[in-house]
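First the structure, in the form of structure tokens, and then the observations on it.
The values are calculated or read from the model by the stated rules, or taken from the named source; none is laboratory data. Quantities reported herein were computed from a predicted structural model and do not represent experimental measurements. Note: ideal-geometry Cβ built from the backbone for every residue, glycine included; neighbour counts use all protein chains shown. Heavy atoms of the whole protein, side chains included, go into the accessibility calculation; ligands, DNA and RNA do not. Shrake-Rupley method; radii C 1.70, N 1.55, O 1.52, S 1.80 Å.
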Amino acid sequence: MKDMIKVEKLTKKYGSHTAVDEINLSVKRGTVFGLLGANGAGKTTTIECILGTKKADHGTVSIMGMDPHKQRKKIFQKVGVQFQEAAYQDKITVSELCEFTASLYKSTTDFMELLSEFGISDKLKSPVKELSGGQRQRLFIVLALIPKPEVVFLDELTTGLDARSRRDVWKILADLKEMGLTIFLTSHFMDEVEVLCDQICILKRGKIVFYGTVAEAIRQSPYEKFEDVYLWFTDEEGQNDENL
Amino acid sequence: MMKTFKTMMKIELKLSLRGMDMLLFAICMPVVVLVILGMLYGDKPAFAGADYTFLEQSFGALATISICAGGVMGLPLVVSDYRDKRILKRFQVTPVSPLLILSIQVAIYTLYALVSLLLIYLCAVIFFDCHFQGSLPKFLAYYLLVTLSMFSIGIMVGGIAPNTKTAGVWASVLYFPMLVFSGATLPYEIMPTALQKAASLMPLTQGIKLLKNASLDLPAENVLIPFLCMSVVALVCIAVSLKFFKWE
């Protein structure tokens, strides 16, 4: 299987603070990769360096075998991105934002279909600003899927969604994965990570503390519930014993 | 590419019209000022023995009201807003350059300016019996230069202001004095000499001199200084924007 995303020795510093420290990772076609870690562990910086919106200090990144700085226009025909903070124009409506987004790409999916799959097709005429947090989150996943991407980046996938919509989103993503979509996500919900991710990488203060499958992570720890395992990996030194 | 431009233009124009403020300041205001000046001065000559009327003399000035509104009010606000809202950054992860959305905005404000120009021209000719005596190609060329110059101020302010709030303050500081004291609304010719001198320091005043020169067919030697002023402002602002523009 081909590496859709490959990162080698990625390092990013802000002044004297090393936000991302020598990270290596690779994501194969048709798999879901989860980047985990506490707030401030370096997840968003890693994603931004991979996407090329931040410039790494060291290391190499390739998406579909291309350099995101040099071949930006080509890569982003086939890569969808949902950023943690939604970016949209004041007063724009759902249908306008979808049409606007679709116009940026050569080939696109029918966004009406996506909107109804995500249960927000009745919001077409609503201003994006007036959607609930969950509806807006679903809309931005739709926007990431409009270019019929081969790879999607979803930063904080289901933050703000209710239990039902979370399940719906998982189902849709699992189906898309079956069809060969490669998914790179970050999430704070370990149930979601367990269900969706083939591979995970846990970051702690910019360094990788675990890389592998969820099952492997559980085996390496003294716990059985994945959420406990995750906390065990990310807890600061010295706190592990207290929790045992 | 054409499809992208058309769709974006259509949606951004809708959003801009939904905002109402440009409709008011760039389209309605010039007409209102024209009507007021027309009623006050009617078809009186600009001065004793002048071969053009006061209103004909003011035409070049009125034509800049919408350029000023779009350039130093509309553009700085929208550019800084799109940066603060991370819309420019969002474009970096699409096949389209963030420059495209900026050029769409420039196109929209140019459109406002041209619509306003046409509108005040028609009003002046139909209701106040004005005649355009100068050279139209020359007028349009100067008009584009003034637009370029004012818009480059706007892009620069929007591009380097740390946030939308600051951009708003800078825009107001530029817009209101220029609107009132550059001769765009209050005719330069009726200002006291001291005020005229102060007004001449504003770039828009120079732009208006340029346009009046073309519309009234005045001697060409008066054009050099305003022409240089406009060109230097445009060059400096474009250079500063290229160097210091903040995408996020």
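The residues listed here are B:125, B:106; of these, the one that is open to solvent by 20 Å² or more (accessible area, probe 1.4 Å), closer than 19 Å to residue B:6 by Cα and more than 14 Å from chain A (Cβ to nearest Cβ) is B:106. Report, ordered by the first and then the second residue, all pairs with beta carbons closer than 7 Å, sequence separation of six or more or different chains, a first member in the range B:196-223 that is farther than 18 Å from residue B:145 by Cα and open to solvent by less than 40 Å² (accessible area, probe 1.4 Å), and a second member that is modelled with pLDDT of 90 or more and of a type in the set (A, V, I, L, M). Within 7 Å, the pairs are B:199/B:191.
Do we have residue B:95 as in contact with a Leu (Cβ under 7 Å, 6 or more places away or on another chain) and within 14 Å of another protein chain (Cβ to nearest Cβ) here?
Yes; evaluated as a whole, the condition is true for this residue.
Return the residues of the range B:127-184 that are among the small types (Gly, Ala, Ser) and not in a helix (DSSP H, G or I); say none if nothing qualifies. The answer is B:134, B:135, B:161, B:182, B:183, B:184. Residue under question is residue B:90, and the condition is that it be among the basic types (Lys, Arg) and facing chain A (nearest Cβ under 9 Å); does it hold? The answer is yes for residue B:90.
Does the range A:46-62 hold any residues that are among the hydroxyl-bearing types (Ser, Thr, Tyr) and under 20 Å from residue A:156 (Cβ atoms), and which are they? Answer for the range A:46-62, where residues must be among the hydroxyl-bearing types (Ser, Thr, Tyr) and under 20 Å from residue A:156 (Cβ atoms): A:46, A:53. Scoring residue B:161 on the criteria (1) open to solvent by less than 10 Å² (accessible area, probe 1.4 Å); (2) within 20 Å of residue B:231 (Cα to Cα) leaves a single failure, condition (2). Condition first: within 13 Å of chain B (Cβ to nearest Cβ), within 14 Å of the chain's Cα centre (by Cα) and open to solvent by 30 Å² or more (accessible area, probe 1.4 Å). Can you find one or more residues in the range A:52-64 that meet it? Checking the range A:52-64: not a single residue is within 13 Å of chain B (Cβ to nearest Cβ), within 14 Å of the chain's Cα centre (by Cα) and open to solvent by 30 Å² or more (accessible area, probe 1.4 Å). Taking the conditions (1) small (Gly, Ala, Ser); (2) assigned by the TED database to the domain that holds residue A:40; (3) open to solvent by 10 Å² or more (accessible area, probe 1.4 Å) in turn, residue A:133 satisfies each one other than (2). Checked across the range A:111-128, the condition of being within 13 Å of another protein chain (Cβ to nearest Cβ) and at pLDDT below 95 holds for no residue.
Would you point out the residue of the range B:1-15, among those that are assigned to a helix (DSSP H, G or I) and loosely packed, with under 13 Cβ neighbours inside 10 Å, that is farthest from the other protein chains (Cβ to nearest Cβ)? Step through it out loud before you land on a result.
The initial filter retains those residues of the range B:1-15 that are assigned to a helix (DSSP H, G or I), namely B:2-15.
With loosely packed, with under 13 Cβ neighbours inside 10 Å added as a condition, the list becomes B:2-3, B:6.
Details: B:2: 10, B:3: 6, B:6: 8 Å.
In this case the residue turns out to be B:2.
Within the set B:90, B:18, B:83, the sole residue that is open to solvent by less than 20 Å² (accessible area, probe 1.4 Å), assigned to a helix (DSSP H, G or I) and of a type in the set (Lys, Arg) turns out to be B:83.
Residue-wise test of (1) away from chain A (no Cβ under 14 Å); (2) closer than 19 Å to residue B:150 by Cα.
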site: B:53; (1), (2): yes, no
site: B:63; (1), (2): yes, yes
site: B:70; (1), (2): yes, yes
site: B:86; (1), (2): no, no
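Here residue B:67 meets the list (1) under 21 Å from the mean Cα position of the chain (by Cα); (2) over 20 Å from residue B:170 (Cα atoms); (3) open to solvent by less than 10 Å² (accessible area, probe 1.4 Å) almost entirely, failing just condition (2). Residues that are at the interface with chain A (Cβ under 10 Å from one of its Cβ atoms) and among the basic types (Lys, Arg) within the range B:16-48 comprise just one, B:18. Only a single item in (1) in contact with a Phe, Trp or Tyr (Cβ under 8 Å, 6 or more places away or on another chain); (2) modelled with pLDDT of 95 or more is not met by residue A:61, and it is number (1). Within the range B:48-58, can one find any residue that is over 11 Å from residue B:130 (Cβ atoms) and among the polar types (S, T, N, Q)? For the range B:48-58, residues over 11 Å from residue B:130 (Cβ atoms) and among the polar types (S, T, N, Q): absent.
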